1. Select from the range 347-371 the residues that are touching an Asp or Glu at 6+ places or on another chain (Cβ under 8 Å) and not in a helix (DSSP H, G or I) and write down the one among them that is farthest from SER291 (Cα to Cα).
2. Which one is nearest to SER240 (Cα to Cα), of the residues in the range 282-316 that are within 14 Å of the chain's Cα centre (by Cα) and part of a helix (DSSP H, G or I)?
3. Taking into account only those residues within the range 372-396 that are of a type outside the set (Lys, Arg) and part of a loop (DSSP other than H, G, I, E, B), which is surrounded by the fewest Cβ atoms within 10 Å (Cβ to Cβ)?
4. So which residues in the range 152-190 are of a type in the set (D, E, K, R), part of a helix (DSSP H, G or I) and either open to solvent by 30 Å² or more (accessible area, probe 1.4 Å) or more than 23 Å from ALA347 (Cα to Cα) (or both), if there are any at all?
5. Report, by residue number, each residue of the range 82-101 that is open to solvent by 20 Å² or more (accessible area, probe 1.4 Å) and either among the hydroxyl-bearing types (Ser, Thr, Tyr) or free of Cβ contacts under 8 Å to residues at least 12 places away in the same chain (or both).
6. From the list GLY340, GLY387, GLY325, GLY331, which residue is over 24 Å from PRO233 (Cβ atoms), at pLDDT below 95 and of a type in the set (Gly, Ala, Ser)?
7. Does THR78 satisfy the condition of being assigned to a strand (DSSP E or B), of a type outside the set (A, V, I, L, M), over 23 Å from ALA360 (Cα atoms) and in contact (Cβ under 8 Å) with a residue 12 or more places away in the chain?
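The values are calculated or read from the model by the stated rules, or taken from the named source; none is laboratory data. Just so we're clear, the structure is a prediction, and the values are computed from it rather than from any experiment. In this analysis, Cβ positions are derived from the backbone assuming ideal geometry, glycine residues included, and neighbour counts consider all displayed protein chains. Side chains included, ligands, DNA and RNA excluded: accessible areas come from the protein's heavy atoms. Shrake-Rupley method; radii C 1.70, N 1.55, O 1.52, S 1.80 Å.
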Amino acid sequence: MTQEVAVLGVGMHPWGKWGRSFVEYGVAAAQAALADAGLDWRDIGSIIGADTVRGGYPGYVAGATFAKALGWQGARVTSVYAACASGAQAVDTARAQILSGLADAVLVVGADAAPKGFFRPAGGDRPDDPDWLRFRILGATNPVYFGLYARRRMALHGDTTDDFAQVKVKNAAMGALNPKARYRSPVTAEEVAASAVVADPLRLLDICATSDGGAAVVLSSMEFARRHGHAEPVRIRAVSTVTPRYPNAVLDLPDIATDSAVAVDPPGETFRRSIARTAYEEAGVGPEDLSLAEVYDLSTALELQWYEDLGLCGEGEGVKLLRDGATALGGRIPVNVSGGLASFGEAVPAQAIAQVCELAWQLRGAAGDRQVAGARVGISANQGLFGHGSAVIAVR
């Protein structure tokens, strides 16, 4: 089991469509996290920025961009990018610096100013870029893949469109309790069914929006935490950033084909399951120990898949878990009590950090009306384009 690091402070800029620079959102989140930690910016020995590809050059060097906006003070700086897993990569980098002794306290920041509508590829012709190819050859936006995943679940496990709608109903109910969420109104299954078809069988309310937002965490060594009055902080016990194993027999965004399994048998577990297993092994816990989970519900069907990939239930049993109320607030294993992407929309480099913020609030008992009673262990999980695993386990 890896040594733990302390979560001293967390902060977020509310999600929405604000029409301002990602830097503003990131700085607001950073200042909130520093205040929550009871620290001054000058107490920070290193800053890690999760990059955005939508902010021009400043977005590609987000660590330095945020450091400059906060005021140059000589801290180490790192910028990382791993698509949707950028936030987890930034947390893992911060943890490595702390455990190696390079820094006692590290500020991790991610923020995005997203476009209206679906994400699109960067400009220019790149015929060797799988992300460019899937748009140009297939016209396959992200929701096309979400629709394929949903169809796969329907074919393999008998999931229905009403099952998918119930995920949105659950997450919207919890998002209505979260002041940081973009969408804060309850939704009915009838409203989901009445929304426009985007990628059959998924409708508009089955798919997460693209959003502006920012999130930040302050991490430190346990010794630094004690010296600064944090006797029993939330701790990060594991970060999983694994890659897939060849051959990948399940279609994954942005690929347009699976690997051939003619010469080599597929691995015994899917990529997403390996992300969770690695985190559990590092933390010395299992799914039975979890108090809550924050997962990447890019679509309603994908949330059901995460239930199974995290080991919260057996294969094909995700719908039963949902229908039994186990993943709702007050259930056996609440999932996405923040409201998830269904209530936030996706601000790519900030999202995995926002998941950690929610874990911290829950484990402190500071989540207000959406509090999970007696929360002690939480996991966040998502997956970044091109094989970036992302899972964080936090404990109290």
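1. Going residue by residue through the range 347-371, those that are touching an Asp or Glu at 6+ places or on another chain (Cβ under 8 Å) are 347-350, 355, 358-359, 367.
Add one more test, that the residue is not in a helix (DSSP H, G or I), and what stays is 347, 367.
Numbers: ALA347: 26, ALA367: 14 Å.
So, considering only residues that are touching an Asp or Glu at 6+ places or on another chain (Cβ under 8 Å) and not in a helix (DSSP H, G or I), the one farthest from SER291 (Cα to Cα) is ALA347.
2. Per the criteria, the residue is TRP306.
3. So in the range 372-396, the residues of a type outside the set (Lys, Arg) come out as 372-375, 377-395.
Now narrow it down to the ones that are part of a loop (DSSP other than H, G, I, E, B): 372-375, 385-387.
Numbers: VAL372: 19, ALA373: 9, GLY374: 7, ALA375: 23, LEU385: 18, PHE386: 15, GLY387: 17.
Applying the filter and picking the extreme gives GLY374.
4. As a first pass, look at the range 152-190 and keep what is of a type in the set (D, E, K, R): 152-153, 159, 162-163, 168, 170, 180, 182, 184, 190.
If we keep only those that are part of a helix (DSSP H, G or I) too, we end up with 152-153, 162-163, 168, 170, 190.
ARG152, ARG153, ASP162, ASP163, GLU190 - these are the residues of the range 152-190 that are of a type in the set (D, E, K, R), part of a helix (DSSP H, G or I) and either open to solvent by 30 Å² or more (accessible area, probe 1.4 Å) or more than 23 Å from ALA347 (Cα to Cα) (or both).
5. Once the filter is applied, which keeps residues that are open to solvent by 20 Å² or more (accessible area, probe 1.4 Å) and either among the hydroxyl-bearing types (Ser, Thr, Tyr) or free of Cβ contacts under 8 Å to residues at least 12 places away in the same chain (or both), the range 82-101 yields THR93, ALA96, SER100, GLY101.
6. Details: GLY340 fails: at pLDDT below 95; GLY325 fails: at pLDDT below 95; GLY331 fails: at pLDDT below 95.
Going through GLY340, GLY387, GLY325, GLY331 in turn, just one is over 24 Å from PRO233 (Cβ atoms), at pLDDT below 95 and of a type in the set (Gly, Ala, Ser): GLY387.
7. Yes; evaluated as a whole, the condition is true for this residue.
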